[in-house]
């Protein structure tokens, strides 16, 4: 089969390489974001994926799209919306991306309006343009804990107070805001105590056909300290569509997806609390790390076969029992490219490349990713502990300068421990 993987910041590189390894014809379609076009970063951007997969610009591929009608066009993150919708309108086989997915991820007001109309509730939040106004609001509500979330910005700018007592957390956030240099709008959202997790449902022509859950840790240092990196590591596992975690969250949105005749992923991040379910956000895109985790560790069929069957309306879920574990491996932020990535050949099928190229038989860092993300390593186990032991054993054999990764995914001595959260979800009857 033929696949075109459309990417902006090379999130889709690992998927493209995987499809090529499965024997498919693959082109990685690049469409860099404006910040990637600075002279300092453009050279590094153009190196990513060299020697690993064929590349072309999305603009050039669109110009000759009639010759590519037999290809499946896959979007990784939500970007290049107009191009995605053009292909859909002209009857091409497109998976992921588009106006709906982009709105769910990036337009919080419209996303909340949708889910609240279907009976889900989000923690109360207030929007601000000025830190001083937010500080005054916190002073007026001193006994309530809030989370700081920028409307636009990097993931590490989200701030969750660590103090357990609401009044102490409120003061912690006031001090943080007083020192903040973030420019632009942001929200303060009530912090809800409970178990945070994610449930994702796959839809085929509007009908729910498969569900899995992901429990992740989002910070770069052990014990979930440091700044947010999107996902430092996670666990993925299959759940039945009938389970409480699906029915009480995504299940409420099933009529909406049926009306859309939607094909793709629909997910929800939520908190299971004493006072019910609290909706946090939706990111209907190829997730990082959840989909590499699912495809690499749990799927019994090739990624190309699974995606094509969803688009064609013939998908039948076939995933392994147990748990997938996926771990981000990084170099230092701002590190130059050209450093060798060394690992035993047997591990290659476990890797999801992010900022990597291949030259003269060597895998090298490209140096484009400003946060230093290099690759993901994946492993399977029939318990969370054995999955984690396996992924760490693999990570220990992968070497590049300044490498670092979380090593505490099986520990239970911090509040966001995935093992403790999984145990809590089971005890509460969600899974």
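Here is the P(r) of region 163-293: all C-alpha pair distances, binned every 10 Å from 0, give 11, 34, 33, 17, 5 in whole percents. In this simple spin-label approximation, residue 227 and residue 99 carry label points 7 Å from Cα along the Cα→Cβ vector, and these lie 3.6 nm apart.
Ordered from longest to shortest, the equivalent ellipsoid semi-axes for region 2-98 are 21, 17, 11 Å, each the square root of 5 times a Cα gyration tensor eigenvalue. Stretching residue 399 away from residue 137 to a fully extended chain increases their span by 89.5 nm, per 0.36 nm per residue minus the current alpha-carbon distance.
The distance separating the Cα centre of region 211-274 from that of region 90-150 comes to 16 Å. Using a Gaussian network model of the chain in which every pair of alpha carbons under 10 angstrom is joined by a spring, one finds that among 26, 311, 175 the greatest mean-square fluctuation is at 175. The angle between the Cα long axis of helix 108-117 and the longest principal axis of the Cα atoms of the chain comes to about 70 degrees, rounded to the nearest 10. Remark: 110, 55 ranked as 110, 55, counting other beta-carbon atoms within 10 Å and listing the fewest first.
With Cα atoms defining each centre, region 293-311 and region 181-202 are spaced 29 Å apart in the structure. Exposure proxy ranking for 1, 303, based on other Cβ atoms within 10 angstrom of each Cβ and starting from the fewest, stands as 1, 303. Taking every DSSP helix (H) stretch of at least 4 residues in the chain, weighting each as -39,500 (n - 2.57) and dividing the sum by the residue count yields a mean residue ellipticity at 222 nm of -8500 deg cm²/dmol. By the compact-protein rule of thumb, 2.2 N^0.38 Å, the alpha-carbon radius of gyration of region 194-427 corresponds to a ratio of 1.03. Counting neighbouring Cβ atoms within 10 Å and putting the fewest first, the residues 61, 223, 328 line up as 223, 61, 328. GNM remark for the chain: springs join alpha carbons under 10 Å apart, and the peak mean-square fluctuation among 132, 293, 269 falls on 132. Between the helical axis of 384-395 and the longest alpha-carbon principal axis of the chain there is an angle of about 50 degrees. Over all distinct Cα-Cα pairs of region 125-190, the Kirkwood formula returns a hydrodynamic radius of 11.6 Å. If you average 1/r across every pair of different Cα atoms in the chain and take the reciprocal, what Kirkwood value do you get, in Å? For the chain, inverting the mean 1/r across all distinct Cα pairs yields 22.4 Å. Bin width 5 Å, origin at 0, all Cα-Cα pairs of region 199-249: what percent of pairs per bin? Computed distribution, short to long bins: 5, 20, 21, 15, 13, 13, 9, 4, 1. Give the Kirkwood hydrodynamic radius (Å, one decimal) of region 305-392, defined as one over the mean of 1/r across all pairs of different Cα atoms. Answer for region 305-392: a Kirkwood hydrodynamic radius of 15.1 Å.
All of the numbers you see were taken from the coordinates with simple rules; none came from a lab. Nothing here was measured: the structure is a model prediction, and the numbers come from that model. Virtual Cβ from ideal backbone geometry, glycine too; neighbours counted across all protein chains shown.
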